[in-house]
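Please read the structure below before turning to the comments.
Rule-based calculations on the coordinates, nothing more; no lab input. Model, not experiment: these values are computed from the prediction. So basically every Cβ, Gly included, is an ideal-geometry build from the backbone, and we count neighbours across all protein chains shown.
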Amino acid sequence: MGHLGLGGHFGGLAARLNGVFGADGVFAHDRLRFIDFVDDVEELLEEVAWQEGGDKKAADGFEEYMLRHYSG
């Protein structure tokens, strides 16, 4: 993200994702529901789109796509 000039937008991302994935990189379903995680990520994407002068709707469809393809 830093190479794209977007690094400043993700300063708090690591803190927000802390504990979401285990040491093995697997999503920790016992700590957070996947649907809540996807919703949070969509909100982050909307925020970045807005800060970059774009339309918040640019992130629309992310949640639906993720849940359709990765929700068990």
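Taking the highest mean first, how do the peptides 23-36, 41-54, 58-71 order by number of other beta carbon atoms within 10 angstrom per residue? Mind dumping the intermediate values first?
On the way: 23-36: 10.4, 41-54: 14.8, 58-71: 12.9.
My ranking of the peptides, most packed first, is 41-54, 58-71, 23-36.
Phe21's amide H: which non-local residues (gap 5+, or another chain) put their own amide H closer than 5 Å, with H modeled 1.01 Å from N in plane and none for Pro or chain starts?
Counting only residues 5 or more places away or on other chains, the set is Ala28.
Taking R0 as 22 Å, what's the FRET efficiency between Phe21 and Trp50 from their Cβ-Cβ distance, rounded to 0.05? Walk me through the intermediate numbers first.
Details: r = 26 Å, r/R0 = 1.20.
So the FRET efficiency works out to roughly 0.25.
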